[in-house]
Each structure stands twice: as structure tokens, then as C-alpha cells.
Amino acid sequence: MKSTKDREPMDKTVKWWLIIFSLVMLVILGLWANKSLLENRIAAKLDDIRATGYPATYDELEKWHKYPPTGQNAAEIVIEAISHLTKWQSKYIPEDFDVESIQKKWAAQMPLLIPGPPMPAISAPDPKELKQRKEELLPEDWDKQNARFLPIMGEAELPGLGKPLPPIIKRSIEDYLKENDQTLKLLHQSTTIKQSRYPIDWSAISNLKHLFKPRDGAQLLKLQAIAYIENNHPDLAIDSFITSKAVAATLNKEPIRFAFLVKISCQALNLTTLEYIFSKTSLNENQLAIIDNTIIEMLNESDMTMAFVGQRCVDYGYFSKSLSPDSPDSIEKMKYVFIKATGLLERDYIRYLDIMQEYLDNTKLPWLDKLIAAKKMEATIGPPFILPLPTNILAPTFIRSIEAHAEGDARLAAAHTAVALERYRLANNSLPNDLTELVPTYLEKIPIDPFDGKPLRYKKLSPQPGYTIYSIGTDEHDDLGDKSSDATFTVMPPTR
């Protein structure tokens, strides 16, 4: 039998284990109670969202964002159209056909080929003449299906505004359009249907490939518009512009931020088509009115509300599913375990829902106020620091999206102003010195730059009678219409 002295250390050990066990249980109970309270707060916030008529989770989004009836879904036609699209590959270009190399060889070898006394230096042929000879010497099918001579959907660069289109590029565009005639027919057909929804599984949106289809369509339609303008068919070029707008509009009601950004990208591409049309031909009043109505439609459809509504549902999965870092690093995994175990994930989700609601509330503000509010939010969010909280990772991308939206609207407003300038030019055979001369005959009011609240800038160009209308852009610095930093719409027509 153990003595009293022997039992005392054992009793103390048991006591300490009981204390430790009790403390651990209290911590676990506290964490459980905390998580339960946070989950109740989340449930209440999700109920508040549902009360507004919007879905709160990706399952609800799937039911809410319904598919149109069979045969009444424009997205299906766009997807089918792009399934017929063929893309060209680059063919090897022999060095012998490099203009610069041939010119140097010509200049170096010509005196050596002529026997007898030294001859005066013979200059190399003019580069334009040499280029023409080069094209005449090419094998007949050398430029066929060669992406090196195809702009936009290939590797060739379009010449600057107001400059002629090289014959070899024009021929490549026309050949490419013939090869993709079925795609073009279907894209034009899609404009007759107003409803649209792309097939997306909101619970697993890693594959968003269908949302890229409209951009492929916009690129092809730009090539078609260029070909029509080069062949003096402005009405058909305008029709391609309108179809491109309609193809981009199939993304209007897709409730996810990525779809909205693709739509803005398509619109930017479409506006460069319009720059090309204005710089290549003189349009009449009726043609300008059709273009202006299309631009106004684009401005009226420029609403990011549905993108935020749907994104909030999609990101529900990010918070509700088991989080695990891509990195095999054990420390990173421990961070995620800590975030989930301590209730930080639930607390961060509440913060996320509050921020998203603030974004939605701000969509109705004027642009300058909206951007100021977004910057204030960005300042409060902060970087991820040590713990990878989802809101610190997700929220900054939403702010960049708002800035992209503002820049897209600025370009549309600049294009709307350009139509008024073209009407003025048509009536007066000259450009105004200031945009105020357009009001009220050609423009109700001068559009406001989203980034500083001032009227859009206008800059006349020379020596050709061109101009640039521009917003100062996301850097909020006036770079005098530099397209690399400002949001511009430029017209550089050939001398009339």
C-alpha cells in the first residue's frame, strides 16, 4: 500500500491535468460558442440578401439565373458560331524575302556584278518598290492561311489610323473571312435573339471558357468591318459594328465579375472598329445616327449590379467549402486550420458581405463619388499580411474592376462625343475649336470624365484633320491623349 507521501505527487499531477483539461474544454466551448454566434449572424445577413429578391448562395443563383427556352438563347448560337472558327498558324518566312536584308545585299553586290572600270555608286531600290517586287515574287499561296499577315486574330499589325492597308494584309483578311463565313453568319443570326445565358456551373467555376467566345466573335467582326470599309461598303461595316455590340451584350446578364470584364474588353475592341470606320470614310447623317443609337444602348447597358450580385453568390462557395492552400507548405496549411478553427473565417465572411453590400449601394452613385468610395474601401481592407484572409485577397480585384468599368464608360462617352464631332464636320466641313460648340445642336451636354468630374478633353491633331477625345484614365493624370495611359477615342481621317 502506497504511503501518503507517495500519493501527494500523483494527486498534484492529476490536479494539473484536470486543470489543463478544463481549460482546453473551456477554449473549445468558447470557440464553438463564438462560431455559433458568427454563423447565426451570417445566416441573418444571407436572409437579408434574400429579402431583397437576390440569391445568396451559388445553388440559389443557379435557380435564379434561368436558362431561356430552347431556341431562344443567343449564347447557344454564339458558342456554336465560335465552334466553327478556324485559326491560322504562322508559316516560316525565308530570310531572302526580308526587305531590309535584300536592300542591303542589293546595294553591296550591284557594283561588283558589273565588269570594267569602276561605276558610280548605284543606290538600292526604294523600300516600297522592293516590297512590291517581294510580293510579286512570293509563291502564289505563300500568304495563304499565314497568321503572320493576319491582324487581330494573327500576328500582323494594323497600320496607324489614316494610313493605307497593305495589299497583302487586306488579302489575308478577305481570305480569312471567307474561311470563317459560317461563323460570321451565325454571329449575325444571334442578334435576332434577346435572351442569353452561358452554361456555367456556379459551384465549380474554374472553367469559364465559354465566356471568352464573345471576344473571339468581336475580333472576327472587326476584321469583317475593316474589309467592308476597305471595299467601300460603310453600311455593311456599320452592321458588323452593331452585331459585335450585340454579341458582347450576350454577357449583359451573366452574374459574375469576369463576364462583365470580358464584355468591357469586347466593347473596347468594338470602339477601335469605330475609330477605323471614322478614319477611313465620311459617313452621312443617317449612318451617324445609327452608330450613335448603338453607343447610347451600350452606355445604358453598362451596369455592374448583376456582376456583384452573382459574384457574392459564387464567393459563398469560397467561404463555405473546406479551404486548403495550393501550396504543400505545412505552415500555410496550419494558417488555414487556424483561420477555420478560431472563427476568423466566419468573421471575415461577415466583413466580405458588408463590403459587397457597400459596393452594390455605390453602383447608383455618380462615377466620381463611386471611385472615391471604392478607394476609401480599399484603404480599410488592407493587404493579406500574415493570415490569408479571403476578403483581403478578393476585395482589391473588385476595386480594379470598378476602375475598368469607369474607363470603359469613359471610352463610350468619348465615342458618343466623336459622333457629334462628325456631325459638326459634316455640316461645317471643319472641326470645332472647342467641344462647347457642339452644345446643344449636336450634343446635349459634354460628357463628364469619371476620374476627375471634369468634361472630357478634346485635342485637335495635325497635319491631318483628326482629333482625340479622352479621359485622364485610371492614373488620374492628364497625358494629353496618350492612348497608353489615357482612355481615348481618336479619329485620323485621310486628307480630304
Legend entry - Between region 433-496 and region 185-246, the Cα center-to-center distance that results, in Å: 27
Legend entry - ³J(HN,Hα) computed for each position of region 256-268 - Karplus, 6.51 cos²θ - 1.76 cosθ + 1.60, integer Hz, glycine/proline x: 7, 4, 4, 4, 5, 5, 5, 4, 4, 4, 5, 5, 4
Legend entry - Segments 261-270, 476-485 sorted - mean Cβ within 10 Å per residue, highest first: 261-270, 476-485
Legend entry - Summed residue charge, Cβ within 12 Å of residue 414's Cβ, Lys/Arg positive, Asp/Glu negative: -1
Legend entry - Under the Karplus curve 6.51 cos²θ - 1.76 cosθ + 1.60, θ = phi - 60°, whole-Hz ³J(HN,Hα) for region 434-443, x wherever Gly or Pro sits: 8, 5, 4, 5, 7, 9, x, 5, 10, 8
Inset, instruction - For residue 461, list long-range residues whose amide hydrogen, built 1.01 Å from N in the peptide plane, is under 5 Å from its own amide hydrogen. - result: 466, 467, 468
Inset, instruction - Net charge near residue 63: determine it from the other residues with C-beta under 14 Å of the C-beta of residue 63, scoring Lys and Arg +1 and Asp and Glu -1. - result: -1
Legend entry - Order by protection proxy (mean Cβ within 10 Å, highest first), peptides 75-84, 280-289: 75-84, 280-289
Legend entry - Debye-sum result for region 348-496 in log10 I(q)/I(0), which assumes one identical scatterer on each alpha carbon, at q = 0.13 Å⁻¹: -0.66
Legend entry - 3J(HN,Hα) from dihedral phi, region 464-479, Karplus parametrisation 6.51/-1.76/1.60, rounded to Hz, x for glycine, proline: 6, x, x, 7, 10, 10, 8, 9, 6, x, 5, 7, 6, 10, 6, 9
Legend entry - Listed residue pairs exceeding 26 Å between alpha carbons, taken from 222/454; 163/459; 163/209: 222/454; 163/209
Legend entry - Order by protection proxy (mean Cβ within 10 Å, highest first), peptides 428-440, 46-58, 303-315: 303-315, 46-58, 428-440
Legend entry - Cα→Cβ-extended label distance, 7 Å offset, between residue 363 and residue 209, nm: 3.0
Legend entry - Compactness index (Cα Rg / 2.2 N^0.38 Å), region 403-480: 1.09
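No lab work stands behind these numbers, since they all come straight from the coordinates. What you see is a predicted model, and the numbers here were worked out from it, not measured in a lab. Because the Cβ atoms are built from the backbone with ideal geometry, glycine has one as well, and the counts that use them run over all protein chains shown.
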